[in-house]
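I have placed the structure first, in the form of structure tokens, so that the comments after it can refer back to it.
Each reported figure results from applying straightforward, stated rules to the coordinates on display, with no laboratory input. Everything quoted here is computed from the prediction, not taken from an experiment. In this analysis, Cβ positions are derived from the backbone assuming ideal geometry, glycine residues included, and neighbour counts consider all displayed protein chains.
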Amino acid sequence: MGMIQALTGLLFGSGRNVVTETAEVFRVNAEKEAMRGATAQAAALSQFGAEFRVTERSVFDRVMDALNRIPRPAMALGTLALFVSAMVDPVWFAARMAGIALVPEPLWWLLAAIVSFYFGARHQSKGQDFQREVAATMAAVPGVVQTVRDVEALRDVTPGPVVETESFAEAGGNPALMDWRRGQA
């Protein structure tokens, strides 16, 4: 009995646990790791809380915060407004989009740089693709101008009454229509 007691005292005695200490060399103690994680998280939360704690803020600070919140909602709502305007007045929308197609390349680069720096995008990696797209858009300008002219010409055109003729059916253009007309006769 004395030998077992001495061995147990050697391993677990004097407030130490040699087995646990040896195992912790190879595997992290889950309970202590959770306690360290909780302590770190509590420290981070208190730091964030102190950072965002509202003290007396000046009018300038409040105005700047308000201005910083405008661009993203304005861009989203502006895009939705473009869709609505395309449905409400397609001719007006086509004329405006043709005007956008005529914007010179340096202005597109400037706009892209401003937007990319504002939102932290990686503009430089997309630069060459963007330049090719702008060049293709600029090459399409004559076609867009002609389309706008055609669309503008539609403003004064009012559709007349539909007149049915037998020439299409006689030419064998639509077999379903010919069968229907035979059934009507």
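Treating r as the C-beta distance of A95 and N174 and R0 as 41 Å, the FRET efficiency rounds to 0.65. Each label point is 7 Å from the Cα along the Cα-to-Cβ direction; what then is the distance between the points at A66 and M138, in nm? Taking the two extended label points, one gets 4.1 nm. Once the Cα-Cα distance is subtracted from the 0.36 nm per residue extended length, the Q131 to E56 segment shows a gain of 22.2 nm.
With the alpha-carbon atoms of the stretch 89-155 aligned to their principal axes, the span from lowest to highest coordinate is 44, 23, 14 Å, starting with the largest. Using the Kirkwood radius over C-alpha pairs as Rh, can you work out the diffusion coefficient of the stretch 44-84 via Stokes-Einstein at 25 °C, viscosity 0.890 mPa s, in µm² per second? D, rounded to a whole number, is 191 µm²/s. Here the extension length gained between T39 and T79 equals 9.8 nm, from 0.36 nm per residue of separation less the Cα-Cα distance.
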